[in-house]
1. Kindly indicate whether Glu28 is more than 29 Å from Tyr87 (Cβ to Cβ), touching a residue at least 12 places away in the same chain (Cβ under 8 Å), in contact with a Lys or Arg (Cβ under 9 Å, 6 or more places away or on another chain) and crowded, with 16+ Cβ neighbours inside 10 Å.
2. Can you tell me which residue is nearest to Ala218 (Cα to Cα) among those in segment 285-317 that are among the aliphatic types (A, V, I, L, M) and at pLDDT 95 or above?
3. Please indicate, with yes or no, whether at least one residue in segment 235-244 is among the basic types (Lys, Arg) and touching a strand residue (DSSP E or B) at 6+ places or on another chain (Cβ under 7 Å).
4. Does Asn301 satisfy the criteria of being of a type in the set (S, T, N, Q), assigned to a helix (DSSP H, G or I) and over 20 Å from Ile121 (Cα atoms)?
5. Inside segment 12-40, can you point out the residues that are hydroxyl-bearing (Ser, Thr, Tyr) and modelled with pLDDT of 95 or more?
6. Return the pairs, sorted by first residue and then second, in which the second residue is assigned to a helix (DSSP H, G or I) and small (Gly, Ala, Ser), the first residue lies in segment 100-118 and is within 28 Å of Leu225 (Cβ to Cβ), the beta carbons are less than 8 Å apart, and the residues are 6+ apart or on different chains.
7. Quick one: which of Val95, Val5, Val18 is aliphatic (A, V, I, L, M) and touching a Ser or Thr at 6+ places or on another chain (Cβ under 7 Å)?
8. Check Tyr71 against each of (1) modelled with pLDDT of 95 or more; (2) out of contact with any Lys or Arg (no Cβ under 8 Å at 6 or more places or on another chain) and name the one condition it does not meet.
Amino acid sequence: MKNRVLITGASGFVGYHVVEEALNKGLEVFAAVRKSSDISHLKDFNIHFTYPNFGEIKSLVEDFSKNRYDYIIHLAGLTKAITEVEYNEVNAQYVQNIANAIIESGIAIKKLVLMSSLAAIGPLNTLNNLITENKTPNPVTTYGKSKLLGETLLQNFTQLDYTILRPTAVYGPRDKDMFIFFKQIAKGYELYIGKKEQNLSFIYVKDLAMASIKALNAPEKSIYLLTDGFTYNRADLAKQTKELLEIKTRTINIPLPIIKIIAGILGLYGSITNKASALNPEKINELVAKNWGCDISRSLNELNYEPQFSLKEGIQNTLIWYKNNNWL
């Protein structure tokens, strides 16, 4: 009999790829989605759909008791919101609800994997070092703080076996956030905030999906940073993209004060329309941070994680998907 895994946020960008990887590894997949979610892209997968309400422990207990999962991979979360309350409800309270429901349902979960974020511990203020799992958390956005709160709430459940994953910036087929960057490059514009040097890190979504499944067998109560294993300067992503597209771009360095004004206007507009913007005053803190470089030695050694895609290969696959699906 196959082991059963519940994947929350299965209809999302990362969720699609984790579902695919779980099936490839022989797991019976249950996809937790909202009834309003577009699941057309999942229709060809041999999976079960389920619709628990993560805001109600009773709903989760009913679902867990019925389906008796062996594993849970919790991907569902908010990357942009208007208020701190919204962030905390989805990125933290839902984690606590899942943990409580596991206990109340009495099911023998072998592992709960929480998809957190590098934003939960924040960047370094110097270019000379790398972030490790032992870094004192210092998130620079409400989003990061909510992901850290979710981690903290989970760690209070000492009777559960969990693994927390902290990926850096994720890109790949189906992504809409970094697509904005690739689209701008394709139009011939290379935009930067100011001129200060930065260290950045990235992870291709299929490597993240692979790590998510490997985490099901990780040591108990473990935490891992996930990148492709390299640190990049601020121009490397654009450089690789330009070479693959065989184009030249015009570089524009936008002064930070101007970006802050734009972000402030977008943030205000989002508050008025109740629709969160991808660029807001807080997001700037992450975009201009000095160092997001990571040491992934623990992931390599304990998780048996080995990135399969170089930055160039990942970008190439992503651009091909965008073109084939008429995004570019």
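1. Details: more than 29 Å from Tyr87 (Cβ to Cβ): yes; touching a residue at least 12 places away in the same chain (Cβ under 8 Å): yes; in contact with a Lys or Arg (Cβ under 9 Å, 6 or more places away or on another chain): yes; crowded, with 16+ Cβ neighbours inside 10 Å: yes.
Yes, satisfied.
2. Applying the first criterion (among the aliphatic types (A, V, I, L, M)) to segment 285-317 yields 287-289, 296, 300, 303, 311, 315.
In the following step, the residues that additionally are at pLDDT 95 or above were identified as 296, 300, 303, 311, 315.
Working: Ile296: 15, Leu300: 11, Leu303: 6, Leu311: 26, Ile315: 29 Å.
Of everything passing the filter in segment 285-317, Leu303 is nearest to Ala218 (Cα to Cα).
3. Taking segment 235-244 and keeping what is among the basic types (Lys, Arg), we get 239, 242.
Then keep just the ones that are touching a strand residue (DSSP E or B) at 6+ places or on another chain (Cβ under 7 Å); that gives none.
No - not one qualifying residue is present in segment 235-244.
4. Values: of a type in the set (S, T, N, Q): yes; assigned to a helix (DSSP H, G or I): yes; over 20 Å from Ile121 (Cα atoms): yes.
Here the answer is yes, as Asn301 does meet what is asked.
5. The initial filter retains those residues of segment 12-40 that are hydroxyl-bearing (Ser, Thr, Tyr), namely 16, 36-37, 40.
Result: Tyr16, single match.
6. What qualifies is Lys111/Ala215; Leu112/Ala99; Val113/Ser212; Val113/Ala215; Leu114/Gly150; Met115/Ser212; Ser116/Gly150; Ser117/Gly144.
7. Details: Val95 fails: touching a Ser or Thr at 6+ places or on another chain (Cβ under 7 Å); Val5 fails: touching a Ser or Thr at 6+ places or on another chain (Cβ under 7 Å).
Answer to the selection: Val18.
8. Only one criterion in (1) modelled with pLDDT of 95 or more; (2) out of contact with any Lys or Arg (no Cβ under 8 Å at 6 or more places or on another chain) is unmet by Tyr71, namely (2).
The values are calculated or read from the model by the stated rules, or taken from the named source; none is laboratory data. Because the structure is predicted, anything quoted here is derived from the model rather than measured. Every residue, glycine as well, gets a Cβ built from its backbone with ideal geometry; the counts of neighbours run over all protein chains shown.
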